[in-house]
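Remarks on the structure that follows.
The values are calculated or read from the model by the stated rules, or taken from the named source; none is laboratory data. Predicted, not measured: the structure shown is a model, and the values here were computed from it. Every residue, glycine among them, receives a Cβ derived from its backbone with ideal geometry; neighbour counts consider all protein chains shown. With ligands, DNA and RNA removed, areas are computed over all heavy atoms of the protein, side chains included. Shrake-Rupley method; radii C 1.70, N 1.55, O 1.52, S 1.80 Å.
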Amino acid sequence: ESRRYQSSAVAADVPSFAFAFDIDGVLLRSSAPIPGAAQALSHLHNNNIPFILLTNGGGKHESARVAELSEKLGVPLSEDNFVQSHTPFKQLVEGSETIGSLKDKTILVTGGDGDKCRRVAEMYGFKNVVTPGDILMAYPTIWPFSKVFSDYYNKSTRPLPRPVDLNNIANSLKIDAIFVFNDPRDWALDSQIILDLLLSKEGYLGTYSEKNGNPNLPNNGWQQDGQPPLFFSNPDLFWAASYHLPRLGQGGFQASLQGVWEATTSGAALERTVIGKPYPTTYNYAEKVLNKYRTQMLGGNGGKLQRVFMVGDNPESDIRGANEYQSPLGTKWTSILVKTGVFRAGTQPKYVPTTIADDVLAAVKWALKEEG
Ligand code: G3P
Ligand code: MG
């Protein structure tokens with residue numbers, strides 16, 4: 001029985017709850033919709049029950065990804081109810097309370113296919129975006145083993161904004177911040193370039209500073225506005241792709257880089273900022289997106305959002321994040337773990353959900369029953 005919530009209804013008849021759906025392992029496996037996913041989202045759409053998609057995935061601009069997902073899942077989605085791993089980085093274009101504007105700074109962006117993530121960063125407003133491929137094509141000896149990928153890099157690289165000129169350092173290429181937007185495709189090249197930059201004098205490529213990585217120094221590296229210059233968008237060590245076993249995610253690259261850094265510096269900590277689920281930064285950002293979308297969708301009659309059902313497949317990100325998030329608005333986040341992704345049915349999840357459901361459709365049915 002599907003009740004229609006009239007958008008002009010008084011607040012009493014409007015749902016005081018909403019959903020946040022993870023994508024990989026809940027709605028899709030790689031690019032294939034999971035059975036029941038389209039039906040679950042259509043039911044909510046047809047009954048005016050707000051939801052957002054909240055993914056640690058990325059690699060394309062939100063506008064491109066929502067167009068694909070709307071097609072695959074048969075429901076209209078927009079950037080207004082969609083948060084990817086790197087979406088919150090938009091805020092760093094103009095700057096945040098912890099770091100100044102990076103709009104006109106030179107940033108390194110890695111991850112994703114070709115230089116798609118460069119173009120995402122430029123669409124966000126970053127003006128000077130360099131990729132590891134750009135550096136490799138300009139200085140092929142910087143990493144001796146990526147020649148085999150020349151055809152790939154030839155298609156997706158640009159000349160550097162300025163050369164490495166160690167005799168005229170003021171005019172030499174300086175990277176002000178390093179962003180991992182999505183899973184790197186060439187872990188070796190990206191690790192070498194990022195290591196070079198972290199060991200450099202203030203981000204000047206080709207320089208080396210003994211101070212960096214000195215475990216005896218409090219912050220053993222150069223900083224951007226007092227912040228470590230390294231940003232990751234997604235901590236997932238594993239994720240659910242097409243293969244039947246979980247695959248290494250961006251968190252795998254982060255762990256690998258941390259290993260290289262610790263070996264290089266005899267144990268210095270790798271200072272970095274990591275966003276994405278399970279971290280409160282991302283849940284707080286997602287809650288703001290959800291509230292704005294819900295208000296617009298319910299024509300301002302929504303009343304206070306009391307509860308969000310977070311449906312995910314990864315206890316370490318989706319479930320932990322929802323369980324630990326303390327909403328400043330007092331909204332209750334309820335975690336629902338599904339069996340169609342990373343979580344193996346029958347095992348004990350390290351982060352315990354409110355309930356476990358077979359799939360996303362069962363999760364939605366359970367939640368709607370909860371809400372009566
Ligand atoms: O790269 C995507 C993967 O880390 C997990 O994505 O949608 O399950 O948060 P998702
Ligand atoms: Mg997932």
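When residues in the stretch 216-255 are screened for being over 30 Å from GLU94 (Cα atoms), away from ligand 2 (no atom under 16 Å from the Cβ) and in contact with a strand residue (DSSP E or B) (Cβ under 9 Å, 6 or more places away or on another chain), 0 of them pass. Identification of strands (runs of 3 or more DSSP E) wholly contained in the stretch 279-372 with 1 or more residues that are surrounded by fewer than 18 Cβ atoms within 10 Å (Cβ to Cβ) and among the charged types (D, E, K, R) yields 307-312, 332-338. For the condition more than 16 Å from ligand 2 (Cβ to nearest atom) and either surrounded by 15 or more Cβ atoms within 10 Å (Cβ to Cβ) or in contact (Cβ under 8 Å) with a residue 40 or more places away in the chain (or both), GLU79 qualifies. Checked against (1) under 30 Å from GLN227 (Cα atoms); (2) touching a strand residue (DSSP E or B) at 6+ places or on another chain (Cβ under 7 Å), MET310 passes all but condition (1). For the stretch 178-198, a tally of residues being buried (at least 20 other Cβ atoms within 10 Å of the Cβ), more than 16 Å from ligand 1 (Cβ to nearest atom) and aliphatic (A, V, I, L, M) returns 6.
Looking at the stretch 121-128, can you tell me whether even one residue there is among the hydrophobic types (A, V, I, L, M, F, W, C), in contact with a Gly (Cβ under 6 Å, 6 or more places away or on another chain) and surrounded by fewer than 15 Cβ atoms within 10 Å (Cβ to Cβ)? No.
Suppose the filter is open to solvent by less than 30 Å² (accessible area, probe 1.4 Å) and either part of a loop (DSSP other than H, G, I, E, B) or touching a Cys at 6+ places or on another chain (Cβ under 6 Å) (or both); does GLY112 pass it? Judged against the criteria, GLY112 is a match.
Results for (1) in contact with a Ser or Thr (Cβ under 8 Å, 6 or more places away or on another chain); (2) within 19 Å of GLN84 (Cβ to Cβ); (3) not basic (Lys, Arg), shown as yes or no for each residue.
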{"residue": "ARG307", "(1), (2), (3)": "yes, no, no"}
{"residue": "GLY312", "(1), (2), (3)": "yes, yes, yes"}
{"residue": "PRO315", "(1), (2), (3)": "no, no, yes"}
{"residue": "GLN326", "(1), (2), (3)": "no, no, yes"}
{"residue": "LEU361", "(1), (2), (3)": "no, no, yes"}
{"residue": "LYS365", "(1), (2), (3)": "no, no, no"}
{"residue": "LEU368", "(1), (2), (3)": "no, no, yes"}
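When PRO353, PRO280, PRO328 are screened for being without any contact (Cβ under 8 Å) to a residue 60 or more places away in the chain and within 16 Å of ligand 2 (Cβ to nearest atom), only PRO353 passes. Reported count of residues in the stretch 199-225, each being open to solvent by less than 50 Å² (accessible area, probe 1.4 Å) and over 30 Å from VAL148 (Cα atoms), is 8. How many residues does the stretch 317-347 hold that are away from ligand 1 (no atom under 16 Å from the Cβ), on the phi < 0 side of the Ramachandran plot and at pLDDT below 95? Qualifying residue count, the stretch 317-347: 2. Give me the pairs, please: first residue somewhere in the stretch 161-174 and within 15 Å of VAL129 (Cα to Cα), second residue anywhere and of a type in the set (D, E, K, R), beta-carbon distance under 7 Å, and either six or more positions apart or on two chains. Close Cβ pairs (under 7 Å, with a partner that is of a type in the set (D, E, K, R)) amount to LEU173/ARG162; LYS174/GLU202. Can we say PHE238 is aromatic (Phe, Trp, Tyr), within 16 Å of ligand 1 (Cβ to nearest atom), buried (at least 16 other Cβ atoms within 10 Å of the Cβ) and in contact (Cβ under 8 Å) with a residue 60 or more places away in the chain? For PHE238, the condition - aromatic (Phe, Trp, Tyr), within 16 Å of ligand 1 (Cβ to nearest atom), buried (at least 16 other Cβ atoms within 10 Å of the Cβ) and in contact (Cβ under 8 Å) with a residue 60 or more places away in the chain - is met. The one condition from (1) open to solvent by less than 60 Å² (accessible area, probe 1.4 Å); (2) assigned to a loop (DSSP other than H, G, I, E, B) that THR98 does not meet is (1). Summed over the stretch 208-255, the residues that are in a loop (DSSP other than H, G, I, E, B) and out of contact with any Phe, Trp or Tyr (no Cβ under 8 Å at 6 or more places or on another chain) give a count of 25.
When only residues in the stretch 3-44 that are open to solvent by 80 Å² or more (accessible area, probe 1.4 Å) and over 28 Å from LEU248 (Cα atoms) count, which is modelled with the highest pLDDT? My answer is GLN39. None of LEU69, LEU77, LEU92, LEU136 is assigned to a loop (DSSP other than H, G, I, E, B) and either under 20 Å from LYS277 (Cα atoms) or out of contact with any Gly (no Cβ under 9 Å at 6 or more places or on another chain) (or both) except LEU77.
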